[in-house]
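K.L.:
For reference, the structure I am asking about is given below.
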Amino acid sequence: MSNSKSSRFLENSLVYLVLTIVTAIIMIPFFWMVTTSLKHQTKVFLFPPQWLPSPVVWGNYIEVFTRQPFHLYFFNSTYIAVLVTLGTCVFASLAGYAFAKISFPFKNTIFLILLSSMMIPTEVTAIPLFMWMSKLNLVNTHFPLIVPPMLGAYGMFGVFLLRQFFITIPSDLDEAAKIDGCTPWTTFWKIMFPLSIPALATLSIFVFLHSWNEFFEPLIYLSSSDLYTLPLALSLFTDQSGTEWHLLMAASVIATVPLLIVFFFAQKKFIEGVAMTGLK
């Protein structure tokens, strides 16, 4: 018995050691980004590298906001990502529930058609969508960054994820709700929606991260600097004279903090959603 415990202890120790080493390697770029954001510009590329800033220049973070209206870019990215995330979750949960639990003609065919749209790269539809938005006079607005994504690639992925989640929930719950006189909407809102919180948390994290980090679409649609999102704003720290790496890293740290906060508060539900557990 003691030998079994000793071998299990050694196995667990080895696993944790490997995970610690891998985590340390993964964290090196993030650590370098943070330390560079606190260095003076002349000490960014010293050789040998200066791993810890000396002196610590907290003024880099202040200069980020004084050099550019970074608070405005931060607000733009925040409200766009929040709206896209909320809209995608609402659309995906309703459509996913319909495809999983409600019978209607050509349901599987329609689902396969929607699913096939996920295989079309964004670059293929960029020009037709831009021409459409241009005719509607919606170019250089945030509309193309909010509505098309939640009904397009994000939405289709969400529909697929939520459909698979609702399928795992026993149909006995639906039948019991029908016996109690619940309409499909009441069944969804009172029973299915609360059970789908883990899956919605998973979808929210994926959509928020993708929308927050999106660079290609804002680059296409936005020309006014006051409409820029954070990914576009980061490019403003590079000009003909070179890149101001200390300010770029400080801006990158600021742009990363909301992502860490979102994952920190949603990690429990995220893990539950990945496990696809339908019943509590």
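K.L.:
Over every pair of different alpha-carbon atoms in region 1-141, take the mean of 1/r and invert it; report that Kirkwood radius in Å.
P.N.:
Working: mean 1/r = 0.0451 Å⁻¹.
One decimal place: 22.2 Å for the Kirkwood radius.
K.L.:
For region 118-186, treating each Cα as an identical point scatterer without solvent, what Debye log10 I(q)/I(0) comes out at q = 0.18, 0.21, 0.25 1/Å?
P.N.:
Summing over Cα pairs of region 118-186 leads to -0.77, -0.90, -1.11.
K.L.:
While we're here: Which residues' amide hydrogens lie under 5 Å from the amide hydrogen of GLU214, considering only partners 5 or more residues apart or on another chain, with H built in the peptide plane?
P.N.:
none
K.L.:
With only alpha-carbon atoms counted, please give the Rg and Dmax of region 69-156, in Å.
P.N.:
According to the Cα coordinates of region 69-156, Rg and Dmax are 15.6, 52 Å.
K.L.:
Amide H of HIS142: which non-local residues (sequence gap of 5 or more, or other chain) have their own amide H closer than 5 Å, using H built in the peptide plane?
P.N.:
Counting only residues 5 or more places away or on other chains, the set is empty.
K.L.:
Rounding to the nearest 10 and keeping the result within 0 to 90°, find how far the Cα-based axis of helix 245-275 lies from the longest principal axis of the chain.
P.N.:
Value to nearest ten degrees: 20.
K.L.:
Which of the chymotrypsin sites (Phe, Trp or Tyr not before Pro) across region 204-238 are loop residues per DSSP, with 16 or fewer other Cβ within 10 Å? Display every interim value, and only then the final one.
P.N.:
Numbers: sites: PHE206, PHE208, TRP212, PHE215, PHE216, TYR221, TYR228, PHE237; in loops: PHE215, TYR228.
Qualifying residues, ordered by number: PHE215.
K.L.:
Given the convex hull over the Cα atoms of region 144-249, what projected area results after averaging over all orientations, in nm²? Let's see the in-between values first.
P.N.:
Working: hull surface 37.4 nm².
Average of the hull's projected areas for region 144-249 equals 9.3 nm².
K.L.:
Something else now. Taking the Cα atoms only, what angle lies between the long axis of helix 122-135 and the longest principal axis of the chain, rounded to 10 degrees?
P.N.:
90 degrees
K.L.:
Which of the chymotrypsin sites (Phe, Trp or Tyr not before Pro) across region 106-150 are loop residues per DSSP, with 16 or fewer other Cβ within 10 Å?
P.N.:
Qualifying residues, ordered by number: PHE106.
K.L.:
Can you tell me the 0 to 90 degree angle between the C-alpha axis of helix 70-101 and the longest principal axis of the chain, rounded to 10?
P.N.:
20 degrees
K.L.:
Then there is this: Let me know the volume per residue of the alpha-carbon convex hull for the chain, in Å³. Before the final figure, lay out each step's value.
P.N.:
On the way: hull volume 58.0 nm³, N = 280.
So the per-residue hull volume is 207 Å³.
K.L.:
Apply the Karplus curve 6.51 cos²θ - 1.76 cosθ + 1.60, θ = phi - 60°, to the phi angles in region 212-228 and return the couplings in whole Hz, x for Gly and Pro.
P.N.:
Calculated HN-Hα couplings, in order: 5, 8, 5, 10, 5, 5, x, 5, 6, 8, 9, 10, 7, 5, 6, 9, 4 Hz.
Since every read-out is calculated from the coordinates, none of them should be taken as a lab result. As the structure is a computational prediction, the values presented were derived from the model and not from experiment. With ideal geometry, Cβ positions are generated from the backbone for all residues, glycine too; neighbour counts draw on all protein chains shown.
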